[in-house]
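Have a look at the structure below before the remarks.
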């Protein structure tokens, strides 16, 4: 595997594209979330699939899918970023997070579990904690049971786990995420087990659009605020979001404030996560740098052009 393209800025985020020996493309990110310095917090966001078969309406990774990276291909992304930044396998950042949430649904790739087992002994990183975000597709029970075992054995109180919910209206959620997933009761049962023995609550993520339906009473009937918190994020301006007219409401203060206030009044801790708008120009949101690369045939650093027809479904 080799890195063939890069875009971004050291002060905020860099996005890299790598090509496998079979010609498959993957992207991964290093970022410094404002207002932190790299010494305080450094975040890596790696892809767990080559594209994604889920085809969420706001995500461009679903425009192509060409399989599952191996454990070594997952670790390549991490190795490259750490070595490129620090010259070895030591990370001095006080907080060092690796998010398994760039391109692809992580529970569809068992190699993610193998990588999570190896990471603690592979790197010298005292501030490390992993983060995994999922829609919880049907048929992934074994993956999550093993993930729970790995969390308890290797990470205990240092694992950030997130369910991508996006809407409390099932018809709207099924349209946004067009595959069968666990129902809310099953998510809640697993989330309670994952939270057990940890100070870190399980996150319920909502990427808000102008038409998002978020009913606190529905959430309360499944997800206890003692175990779960809410995070709201923007819908980033991807090709598919624009095609499906999914405009983000995160910048529209009146709608956002109503949703946030209702959730807080219901007893939920709510985190409002809004990245620097420069990230939209960099392409460091939502895992879609590959699509920019292919669609626009942009001349990125150390890059060359691929025939887009080979990768699009």
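What the table below lists for this structure:
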| read-out | value |
| --- | --- |
| Some residue of region 39-52 being touching a residue at least 24 places away in the same chain (Cβ under 8 Å), part of a strand (DSSP E or B) and more than 20 Å from residue 158 (Cα to Cα) | yes |
| So residue 41, is it under 18 Å from the mean Cα position of the chain (by Cα), within 25 Å of residue 95 (Cβ to Cβ) and surrounded by fewer than 20 Cβ atoms within 10 Å (Cβ to Cβ) | yes |
| Which listed residue is closer than 27 Å to residue 272 by Cβ, part of a strand (DSSP E or B) and touching a residue at least 12 places away in the same chain (Cβ under 8 Å), from 230, 213, 218 | 230 |
| Selection from region 126-145 of residues that are under 21 Å from residue 40 (Cα atoms), surrounded by 15 or more Cβ atoms within 10 Å (Cβ to Cβ) and over 13 Å from the mean Cα position of the chain (by Cα) | 127, 128, 129 |
| Pairs with Cβ under 8 Å, 6+ apart, first in region 116-145 and on the phi > 0 side of the Ramachandran plot, second at pLDDT 95 or above | 136/107; 136/144; 136/163; 136/181; 136/182; 136/186; 136/187; 136/190 |
| Given (1) over 19 Å from residue 100 (Cβ atoms); (2) crowded, with 20+ Cβ neighbours inside 10 Å, index of the condition residue 159 fails | (1) |
| All positions within region 61-74 that are assigned to a helix (DSSP H, G or I) and touching a strand residue (DSSP E or B) at 6+ places or on another chain (Cβ under 9 Å) | 61, 62, 63, 73, 74 |
| Residue count, region 78-104 (criterion: under 21 Å from residue 67 (Cβ atoms) and modelled with pLDDT under 95) | 4 |
| In region 138-164, residue nearest to residue 207 (Cα to Cα) [restricted to those that are in contact with a helix residue (DSSP H, G or I) (Cβ under 7 Å, 6 or more places away or on another chain) and assigned to a loop (DSSP other than H, G, I, E, B)] | 159 |
| Enumeration of residues in region 102-115 that are without any contact (Cβ under 8 Å) to a residue 60 or more places away in the chain and closer than 21 Å to residue 32 by Cβ | none |
| Residues (over 19 Å from the mean Cα position of the chain (by Cα) and on the phi > 0 side of the Ramachandran plot) located in region 64-103 | 87 |
| Hey, residue 176 surrounded by 16 or more Cβ atoms within 10 Å (Cβ to Cβ), touching a residue at least 12 places away in the same chain (Cβ under 8 Å) and within 18 Å of the chain's Cα centre (by Cα) or not | yes |
| Hits in region 174-187 (condition: out of contact with any strand residue (DSSP E or B) (no Cβ under 8 Å at 6 or more places or on another chain) and in a helix (DSSP H, G or I)) | 174, 175, 176, 184, 185, 186 |
| Test: residue 51 is over 27 Å from residue 165 (Cα atoms), at pLDDT below 90, in contact with a helix residue (DSSP H, G or I) (Cβ under 9 Å, 6 or more places away or on another chain) and surrounded by 17 or more Cβ atoms within 10 Å (Cβ to Cβ) | no |
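The values are calculated or read from the model by the stated rules, or taken from the named source; none is laboratory data. Bear in mind that the values here come from a model prediction, so they are computed numbers and not experimental data. Because the Cβ atoms are built from the backbone with ideal geometry, glycine has one as well, and the counts that use them run over all protein chains shown.
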